Amino acid sequence: MKNRDRRWFIIPATLILALFLNVLPYPGWLAFARPDWVTLALFYWCLATPQWVGIGSGWLMGLMLDLLQYTLLGQHALGKALVAAVARPRLRLRPLWQQCAVVAVVAALDIGIVVWVHHVASGVEVRLCYWQSAVVTALLWPVAYTVMRKLRQRSGLVRA
């Protein structure tokens, strides 16, 4: 297989890596501050390649996350579809700190959907500590953006 035929592989590879990073066990003291790697990867690819990654990809990533975490089928799918719907290519033109703010809001909405579904389905108490993950995810956005941009450029997927 030629290099130009394999360069699209970087997208599913990073999304699958993000899935596995999301389901890795974290120590108890770090459990609520774990970053949402799927949101970071999905948000980036929706910004960089909207013709290939969109709402359907977000829905599929959410369903896979539901299956991997043994959660109610569809709760993460709804949140990840929202992440993909908000991520628009024109956000790439904004400064990185504004992108971080958008990532924080989107991650908080995603967490809110998951917590709300948990609350409705099983009566789990809604606590403020659930949203720590949104802050950590937003703080990691500049690093994730830079790393995935370098990967995209090195793969030759899209020039820039």
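The values are calculated or read from the model by the stated rules, or taken from the named source; none is laboratory data. None of these values were measured; they are calculated from a predicted model. Counting neighbours? That spans all protein chains shown, and the Cβs are built from the backbone with ideal geometry, glycine included. Surface accessibility is based on the protein's heavy atoms, side chains included, excluding ligands, DNA and RNA. Shrake-Rupley method; radii C 1.70, N 1.55, O 1.52, S 1.80 Å.
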Item to check | segment 117-139 residues that are without any contact (Cβ under 8 Å) to a residue 24 or more places away in the chain, paired with ones that are assigned to a loop (DSSP other than H, G, I, E, B) and among the small types (Gly, Ala, Ser) (beta carbon under 7 Å, 6 or more apart) | outcome: none
Checklist entry - Any residue in segment 70-79 that is within 20 Å of Ala144 (Cβ to Cβ) and not charged (D, E, K, R)? => result yes
Next on the checklist: Restricting to segment 24-35, name every residue that is aliphatic (A, V, I, L, M) and either within 20 Å of Ala85 (Cα to Cα) or free of Cβ contacts under 8 Å to residues at least 24 places away in the same chain (or both).
Outcome noted: Leu24, Leu30, Ala31
Item to check | Residue in segment 3-35 that is farthest from Leu157 (Cα to Cα), counting only those that are surrounded by 17 or more Cβ atoms within 10 Å (Cβ to Cβ), hydrophobic (A, V, I, L, M, F, W, C) and under 14 Å from the mean Cα position of the chain (by Cα) | outcome: Leu19
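Can you confirm whether Gly112 is open to solvent by less than 60 Å² (accessible area, probe 1.4 Å), out of contact with any helix residue (DSSP H, G or I) (no Cβ under 7 Å at 6 or more places or on another chain) and either closer than 22 Å to Arg7 by Cβ or assigned to a helix (DSSP H, G or I) (or both)?
Judged against the criteria, Gly112 is a match.
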Next on the checklist: Restricting to segment 76-100, give me the number of residues that are open to solvent by 10 Å² or more (accessible area, probe 1.4 Å) and more than 18 Å from Val136 (Cβ to Cβ).
Outcome noted: 14
Checklist entry - Within the set of pairs 6 or more residues apart or between chains, which connect a residue that is under 15 Å from Trp37 (Cβ atoms) inside segment 66-87 to a residue that is among the polar types (S, T, N, Q) and assigned to a helix (DSSP H, G or I) with Cβ atoms less than 6 Å apart? => result Val83/Thr39
Checklist entry - Hey, does segment 117-129 have a residue that's modelled with pLDDT under 90, among the acidic types (Asp, Glu) and either under 12 Å from the mean Cα position of the chain (by Cα) or more than 22 Å from Trp141 (Cα to Cα) (or both)? => result yes
Item to check | Unique match (being surrounded by 23 or more Cβ atoms within 10 Å (Cβ to Cβ), assigned to a loop (DSSP other than H, G, I, E, B) and touching a residue at least 24 places away in the same chain (Cβ under 8 Å)) among Val38, Val103, Val53 | outcome: Val53
